[in-house]
Amino acid sequence: MMNDIVLISPFDGLNAMAKKLIETVPYQDVEVVGGDLMQGVHEARKAVSRGAEVIISRGGTYSKILEIVNIPVVEIKLTAFDVFNSFKEIRHISAPIAIVGYENVIQGYDIIEDLLTVQNIVKLTLDDTESVDSQIKKLMAQGIEVFVGDTIVNSVAKKYGCKSYMIESGETAIANAIDEAIRILNAIKSDRERMKRYMAVIDNTSIVINLTSEITAAHSLRLRLFLFCQCIYFAS
C-alpha cells in the first residue's frame, strides 16, 4: 500500500530536497520516488495502482503525468526566487543562451526577461512533435552553446559538449506543492465521508407516504433518489 500523496521527482537534487523537507517539517503520508518524463509516467501509473490519491511532480514530467492519470496532479511551480537562482552563474555570459523546456517551465522566465536585456536569450518551448535531441541540435546550428533547462535538456546539451545549467526548484516551491496536495487530499476524504453518510441515511430509510396518506414500506429507486436529494439539500 502506497502513501496517499506521491511526489515524483525528475532529478536527484529535487529528490533529496523533498525527502529532507518531508522529514524536517514533518509531512505525513507523503512519499518520494524518482522518475523523469516517461519513467515518471511509469511511476505515476504504479502509484495509482497501489492506491495513491494525489501525485506531485514538476516540469515536463508533471505535464506528461497529467495526461495519463485519473487522480489529481499538483505541479511544483517555479518561483521568482528559483528563476533568479538559475541565472546566478550565467549573468556574466555574453554568448547567446537558450532557455529550453516545456511550457510550464518556460513561462516562469517571463518574470525576469525584462531584466536581462543585455544578454542574447532565446526561448524554446518543447513539445512531443520533435525530440529534445533534434531541437537542441537545431539551436547549436544557430551558434548557441549555453543552455538552461530541465533534466532532459541538461543531459542532451552536455552530451554534445555544451554548457548547461539546471532549472531547480527550491524548498518553498516544494512545500507549496505538498501543502496544496494535502488540501486536495483532505477535500477528497471529506467528500467521501459525506457521501458515506448520505448513503447510510438512504439505506436505512424505507418509508413513503402514499396518496391516501397511509405510511407504507417501500424501497423503490424513485424514493431513494428523492431521499438522496433531500439529504444533500438539508446538509448543504
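The values are calculated or read from the model by the stated rules, or taken from the named source; none is laboratory data. Quantities reported herein were computed from a predicted structural model and do not represent experimental measurements. Here the Cβ positions follow ideal geometry from the backbone for every residue, glycine too, while neighbour counts run over all protein chains shown.
For (1) in a strand (DSSP E or B); (2) in contact with a His (Cβ under 8 Å, 6 or more places away or on another chain); (3) surrounded by 15 or more Cβ atoms within 10 Å (Cβ to Cβ), each residue gets a yes or a no:
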site: 81; (1), (2), (3): no, no, no
site: 105; (1), (2), (3): no, no, yes
site: 137; (1), (2), (3): no, no, no
site: 147; (1), (2), (3): yes, no, yes
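Is it the case that some residue within region 16-24 is touching a strand residue (DSSP E or B) at 6+ places or on another chain (Cβ under 6 Å), under 28 Å from residue 131 (Cα atoms) and not aromatic (Phe, Trp, Tyr)? Walk me through how you get there before you give the answer.
Kept after step one, since they are touching a strand residue (DSSP E or B) at 6+ places or on another chain (Cβ under 6 Å), are these residues of region 16-24: 18-19, 22.
Imposing the further condition that a residue be under 28 Å from residue 131 (Cα atoms) reduces the set to none.
No.
Would you point out the residue of region 149-162, among those that are among the polar types (S, T, N, Q) and surrounded by 18 or more Cβ atoms within 10 Å (Cβ to Cβ), that is nearest to the chain's Cα centre (by Cα)? Taking the candidates together, the pick is 151. Of the residues making up region 1-59, just one is crowded, with 20+ Cβ neighbours inside 10 Å and basic (Lys, Arg), namely 58. Restricting 94, 63 to residues that are assigned by TED's automatic domain parsing to the domain that holds residue 124, without any contact (Cβ under 8 Å) to a residue 60 or more places away in the chain and out of contact with any strand residue (DSSP E or B) (no Cβ under 7 Å at 6 or more places or on another chain) narrows the list to 94.
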